[in-house]
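A quick write-up on the structure given underneath.
The values are calculated or read from the model by the stated rules, or taken from the named source; none is laboratory data. As the structure is a prediction and not an experimental result, all values here were calculated from the model. All Cβ positions, glycine included, derive from the backbone under ideal geometry; neighbour counts span all protein chains shown.
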Amino acid sequence: MMPQQAKECLLFRTAPASDYVAGGLGGQNNPYKTVKKSTIFDFYLNYNKIFQNINSRIDAVAGYSYNNYLTTTYNYARYYANGNKVPNSDPAFLFNEPEHTLISYFGRLNYTYMERYLLTATIRRDGSSRFGWIINGEPFLLLPSRGS
């Protein structure tokens, strides 16, 4: 007896999506559109100076950074697969534009003495439009007064 070969069978449905009924209404067509825009600007300055008379060198960097992110999301009504509009699907707002910005200032100073000793100081300040926290008002940072 010879082994039989398996036969593959593929079925294709030729009916449009509106024939696939779920609750009598068919599928849905939900259009959407999103546009994203990013603006980034980074600026920095370098300063280097050698002081041979005191066997020292200074390297300094100061900078500014600006990052802005804007997303525009367009809202549309929903439609059934047959082209009829879904009741009460008109958007309350035609579009939404969430935006956030981050601005930073930074600096670093390196002092080298005799090419053996190095002192580094850095500073940075970041500001964001997304959140804010006034940390010095937190109870865990408040010191008890001496009178209590």
Can you tell me which of D59, D90, D126, D42 is among the acidic types (D, E), modelled with pLDDT of 85 or more and under 30 Å from Q28 (Cα atoms)? D90
Name every residue in region 110-133 that is among the hydrophobic types (A, V, I, L, M, F, W, C), touching a residue at least 12 places away in the same chain (Cβ under 8 Å) and over 28 Å from N68 (Cα atoms), in order of residue number. M114, A121
In region 31-90, the residues that are at negative phi, of a type in the set (G, A, S) and over 17 Å from the mean Cα position of the chain (by Cα): S56, A60, A62, G63, A77, A81, S89
Filtering region 76-121 down to residues that are in contact with a Gly (Cβ under 7 Å, 6 or more places away or on another chain) and loosely packed, with under 13 Cβ neighbours inside 10 Å yields none
Does any residue of region 83-105 turn out to be of a type in the set (K, R) and under 25 Å from V35 (Cα atoms)? yes
